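Working notes, structure below.
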Amino acid sequence: MGVKVTKFGGSSVADAIQIAKTRDIIVSDPDRKYIIVSAPGKRYNEDNKITDLLYLCKTHIEHNLPYEQVFQVICDRFTAMAINLGTKVDLTKEFSVIIDHLRKGASTDYIVSRGEYLNAIITAAYLSFDFVDAAAMVHFDEKGRFLSEETNESIKKELSKHETAVIPGFYGSMPNGDIKTFSRGGSDITGAIVARALEADVYENWTDVSGFLMADPKIIPDARPIKRISYKELRELSYMGASVLHEDAIYPVKIANIPINIKNTNIPDDPGTLITSQEENTDGRIVTGIAGSKDFTVIALYKNMLSSEKGFVRRVLAIFEDYDVLVEHMPSGIDTLSVVVSSSLVDGKLDDILEEISRKLQPDTIDVFENMALVATVGYGMSRRPGVSAKLFTALADAGVNIRMIDQGSSEMNIIVGVENKDLNTTIKAIYRAFVSPL
Ligand code: ASP
C-alpha cells in the first residue's frame with residue numbers, strides 16, 4: 001500500500017456539502033491517509049473566505065472597533081458545518097479560547113490561522129481521523145523563517161504515531177510557541193512539506209479546477225487542459241501569472257521527486273494535471289502552455305562597441321539593485337542591452353534610474369518602452385526543434401502584432417515576446433492557434 005498526501009483547498013471545504021465530497025474522495029482510495037485542509041473558502045462569488053474574515057477581526061481590534069459581530073459570523077459558519085456533518089465536536093470551548101486570546105491582544109498570525117485549525121478539527125471528527133496540530137510539527141525560527149529540515153524530522157516523527165490524520169494547513173509555530181503563518185495560500189506549502197516528510201507517492205492538491213489549462217480561459221475559452229507538465233515548465237508559466245498552486249509548494253516535493261496531481265473536488269474523475277520532474281516531452285506536443293502578463297517597462301540601451309566594454313552589464317544591474325528593482329529579463333545584442341522590469345517597481349524612480357545610467361554608463365541612446373506585456377510560450381517540445389520560432393513569429397506577424405522584444409532561454413523551452421499591452425490577448429490567441437488548435 002502506498003501513501004498519498006491529500007490537500008483540500010478553501011473551495012473544497014467551504015461548507016458541509018463540499019466536505020462530504022472530500023470524504024467520498026478520501027474513502028475511495030485507502031492510500032489517502034494524511035489530509036491537509038485550508039480554511040473554508042467562498043461558497044459563492046459574493047461570499048467571504050473565513051481567512052479574510054479573520055483578518056477583518058484583527059483590523060477591527062487594531063482600530064478599537066467592535067469585532068464581535070464579524071467573529072460571530074465565523075463561529076456560525078463553523079457551527080453550521082459541524083452540525084450539518086453530524087459531528088459531535090464541542091466548538092464552543094474552542095471559540096472561547098480564541099476569544100480569550102483576541103481580548104489579550106493575540107497576533108495576526110494566531111488569529112488568521114484559526115480558520116485552518118477549526119476546520120481540521122471538524123474534518124477529523126467527520127472522517128474519524130486523528131487531528132494533528134501543525135503547530136507541533138511545522139517549525140519557524142524566532143525571526144519567522146521556515147525551518148525545513150527540523151520540520152521534516154518532526155512531521156516524520158509525529159505522523160508515524162498516526163495511521164490517519166487531518167492536519168491544518170497554512171501555519172506552524174516559532175520556538176516560543178507563537179503561531180506563525182506562511183504567506184497567503186500557504187496550505188499548499190503545508191501539503192508539500194507533509195508529502196516530502198512521508199515520502200508520499202503523490203501529493204494530491206484538490207481544488208475547484210481540473211488542473212492547469214494551456215492558456216487563460218478568459219482569453220481562450222476552450223483552452224485545453226494540461227495533462228502533464230514538468231516543475232520547470234510550470235515555474236516558467238506561473239511566473240507569468242498563471243498560478244493555481246503556491247509557488248513555494250513546488251520545492252519540497254521537487255527535491256523529493258514526488259509528483260503533484262492537481263485535481264478537481266467537484267469533478268473527481270477528471271485526471272487533472274500531473275506535475276513531475278520529467279523534463280522531456282513524451283506525447284509529441286510542442287507547446288505545453290502560454291501565459292502572459294501586462295505592465296512591464298523596457299529600458300533599451302545602445303552604445304557603440306558596448307560588447308567590448310568590460311563590466312557594462314554588471315554596472316547597469318548594480319543601478320537597478322541600488323534602487324531595489326528586480327530585473328525580469330535582459331535581452332541583448334552586440335551593441336544593445338535591454339532591461340525589462342515590472343512597471344510598478346520603477347514607478348516614481350524611473351527618471352532617477354535613467355539619469356544614473358546616462359551618467360555612469362554613457363550610452364549613445366536610451367529608449368524607454370512602457371505599457372509592455374510579456375508572453376511566455378513554454379514547452380520542452382520546443383527545444384531542438386527547428387522552425388518553432390519561425391512559426392511563432394509568422395503567427396504574430398499574420399495577426400498584425402508588433403513584437404518589441406524577444407527573449408529565448410538557453411534551454412530553448414521558452415520563448416518570451418514583449419508586445420504592447422493592448423496586443424496581449426491577440427498575441428496569446430495567435431500563438432495558441434498556431435501551435436494548439438484553430439480557434
Ligand atoms: N487560508 C489561507 C488563505 O486564505 C491559506 C490557504 O487557504 O492556503 O490564504
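With Cβ to Cβ distances under 13 Å as the rule, what net charge do the other residues near Thr6 carry (K, R +1; D, E -1)?
Details: positive: Lys4, Lys7, Lys21, Arg23, Arg32, Lys33, Lys263; negative: Asp24, Asp29, Asp31, Asp188, Asp201, Glu204.
So the surrounding residues net to +1.
Counting other beta carbons within 10 Å of each residue's own, what order do Val13, Val346 fall into, fewest first? Don't skip to the end; give the middle numbers.
Numbers: Val13 29, Val346 22.
Neighbour counts put them in this order, fewest first: Val346, Val13.
For the stretch 332-391, what is Rg from Cα atoms divided by 2.2 N^0.38 Å, rounded to two decimals? Don't skip to the end; give the middle numbers.
Numbers: Rg = 16.3 Å, N = 60, 2.2 N^0.38 = 10.4 Å.
The stretch 332-391 yields a ratio of 1.57.
Name the residue farthest towards the positive end of the dipole of the stretch 288-383 from the options Met305, Leu326, Val375, assuming +1 on Cβ of Lys and Arg, -1 on Cβ of Asp and Glu, about the Cα centre.
Met305
Under 5 Å between amide H atoms, partner at least 5 residues away or on a different chain: which partners does Phe131 have, H built in plane at 1.01 Å?
Val166
Can you pull out the trypsin sites (Lys or Arg not before Pro) in the stretch 49-96 whose DSSP state is coil and whose Cβ has at most 11 other Cβ atoms within 10 Å?
Values: sites: Lys49, Lys58, Arg77, Lys88, Lys93; in loops: Lys49, Lys88.
Answer by residue number: Lys88.
How would you rank 352-361, 249-258, highest first, on the average number of other Cβ atoms within 10 Å across their residues? Kindly include the intermediate steps, with their values, before the conclusion.
Details: 352-361: 15.0, 249-258: 18.8.
The densest-packed peptide leads the list: 249-258, 352-361.
Please list, by residue number, every one of the GluC sites (Glu not before Pro) in the stretch 367-439 that is coil in DSSP and has at most 15 other beta-carbon atoms within 10 Å.
Working: sites: Glu370, Glu412, Glu420; in loops: Glu412.
Of the GluC sites (Glu not before Pro), the ones in loops of the stretch 367-439 whose Cβ has at most 15 other Cβ atoms within 10 Å are Glu412.
Taking amide H atoms as placed 1.01 Å from N in the peptide plane, list the residues 5 or more away in sequence, or in a different chain, whose amide H sits under 5 Å from that of Lys180.
HN-HN under 5 Å from Lys180: Gly172, Ser173, Met174.
Name the residue from Gly185, Leu147, Ala136 whose Cα lies farthest towards the positive end of the charge dipole of the stretch 54-187, charges +1 on Cβ of Lys and Arg and -1 on Cβ of Asp and Glu.
About the Cα centre, the residue reaching furthest to the positive side is Gly185.
Order of 316-324, 228-236 by packing, highest average Cβ count within 10 Å first? Each step should come with its number before you reach the end.
On the way: 316-324: 15.1, 228-236: 21.2.
Ranking, from highest mean packing down: 228-236, 316-324.
Karplus couplings for the stretch 157-165 from phi (6.51 cos²θ - 1.76 cosθ + 1.60, θ = phi - 60°), rounded to Hz, Gly and Pro as x?
Once rounded to whole Hz, the list reads 5, 5, 6, 5, 8, 10, 6, 9, 7.
Once you sort the root eigenvalues of the Cα gyration tensor of the stretch 154-296 as a ≥ b ≥ c, which label holds: rounded (a/c under 1.5), prolate (a/b larger than b/c) or oblate (the other case)? It would help to have the intermediate numbers written out before the result.
Details: a/c = 2.01, a/b = 1.65, b/c = 1.22.
Prolate shape, in that a/c is at least 1.5 and a/b is the bigger ratio.
Looking only at Ser107, Ser173, Ser96, which one moves most when the chain is put into a Gaussian network model with springs between Cα atoms under 10 Å?
It is Ser96.
Of the candidates Ala195, Ala136, Ala291, which one comes out as most mobile in a Gaussian network treatment of the chain with C-alpha springs shorter than 10 Å?
Ala136
Give me the compactness ratio for the chain, meaning the Cα radius of gyration over 2.2 N^0.38 Å.
Values: Rg = 24.7 Å, N = 439, 2.2 N^0.38 = 22.2 Å.
Rg over 2.2 N^0.38 Å, computed on Cα atoms: 1.11.
Could you identify which residue out of Ile366, Ile275, Ile74 has the top mean-square fluctuation in a GNM of the chain using Cα springs shorter than 10 Å?
Taking springs between Cα atoms under 10 Å, the residue moving most is Ile366.
Tell me the volume per residue, in Å³, of the convex hull enclosing the alpha carbons of the stretch 73-169.
Details: hull volume 9.8 nm³, N = 97.
That works out to 101 Å³ per residue.
Note down, for the stretch 253-320, the three equivalent ellipsoid semi-axes (square root of 5 times each alpha carbon gyration tensor eigenvalue), biggest first, whole angstrom. Could the numbers behind the result be given before it?
On the way: eigenvalues 368, 56, 43 Å².
Sorted largest first and rounded, they come to 43, 17, 15 Å.
Determine Rg/Rh for the stretch 174-215; Rg is computed over alpha-carbon atoms and Rh is the Kirkwood hydrodynamic estimate from the same atoms.
Expressed as Rg/Rh, it is 1.10.
Any chance you could run the full-extension gain for Met1 through Arg235? It's 0.36 nm times the residue separation minus the Cα-Cα distance, nm to one decimal.
Length difference between fully extended and current span is 81.1 nm.
Given charges of +1 on the Cβ of Lys and Arg and -1 on the Cβ of Asp and Glu, with all other atoms neutral, how large is the dipole of the chain about its Cα centre, in debye to the nearest 20? Could you put the intermediate results ahead of the total?
Working: 48 positive and 61 negative charges, 153 e Å.
Magnitude of the dipole: close to 740 debye.
Modelling each spin label as a point 7 Å along the Cα-to-Cβ direction, I'd like the Glu153/Asp47 distance in nm, to one decimal.
4.2 nm
Once both axes come from the Cα atoms, what is the angle between helix 187-197 and the longest principal axis of the chain, in degrees from 0 to 90, rounded to 10?
80 degrees
Please enumerate, by chain and number, the aspartates and glutamates with C-alpha under 17 Å from the C-alpha of Lys303, excluding those fewer than 8 residues away in the same chain.
Asp335, Glu355, Glu356, Asp364, Asp367
Hey, got a sec? Which trypsin sites (Lys or Arg not before Pro) in the stretch 381-422 land in a DSSP loop and have at most 13 other Cβ atoms within 10 Å? Mind dumping the intermediate values first?
On the way: sites: Arg384, Lys391, Arg404, Lys422; in loops: Arg384, Arg404.
Filter output for the stretch 381-422: Arg384.
Sorted by mean Cβ packing within 10 Å, highest first, what order do the peptides 29-41, 175-187 take? Spell out each step's value before the answer.
On the way: 29-41: 24.2, 175-187: 17.5.
Output ranking for 29-41, 175-187: 29-41, 175-187.
HN-Hα J couplings of the stretch 56-66 from phi, Karplus 6.51/-1.76/1.60, θ = phi - 60°, integer Hz, Gly and Pro as x?
Per-residue couplings from phi come out as 5, 4, 4, 4, 4, 4, 4, 9, 6, 9, x Hz.
How many angstrom lie between the Cα centre of the stretch 1-71 and the Cα centre of the stretch 183-204?
Computed from Cα coordinates, the inter-centre distance equals 16 Å.
To the nearest 10 degrees, how steeply does helix 68-84 sit against the main Cα axis of the chain, on a 0 to 90 scale?
70 degrees
Tell me the net charge near Asp283. Cut-off is 15 Å between Cβ atoms, Asp283 excluded, with +1 for each Lys or Arg and -1 for each Asp or Glu. Provide the component values of the computation, followed by the final result.
Numbers: positive: Arg224, Lys227, Arg228, Arg285, Arg385; negative: Glu233, Glu279, Glu280.
Result for the neighbourhood of Asp283: +2.
Work from the charge dipole of the stretch 350-439 (Cβ charges, +1 for Lys and Arg, -1 for Asp and Glu, about the Cα centre) and give the residue of Asn425, Ile415, Phe435 farthest towards its positive end.
Comparing the listed Cα positions along the dipole, Phe435 ranks first.
How large is ³J(HN,Hα), in whole Hz, for each residue of the stretch 140-149 in order, when computed from phi with the Karplus curve 6.51 cos²θ - 1.76 cosθ + 1.60 and θ = phi - 60°, using x for Gly and Pro?
Working through the residues one at a time gives 10, 7, 5, 8, x, 8, 5, 9, 5, 6 Hz.
Given just the C-alpha atoms of the stretch 1-113, how large is their convex hull per residue in cubic angstrom? Before the final figure, lay out the partial values.
Working: hull volume 13.0 nm³, N = 113.
Taking the convex hull of the Cα positions in the stretch 1-113, it is 115 Å³ per residue.
No lab work stands behind these numbers, since they all come straight from the coordinates. Nothing here was measured: the structure is a model prediction, and the numbers come from that model. FYI the Cβ positions are ideal-geometry reconstructions off the backbone, even for glycines, and counts take in every protein chain you see.
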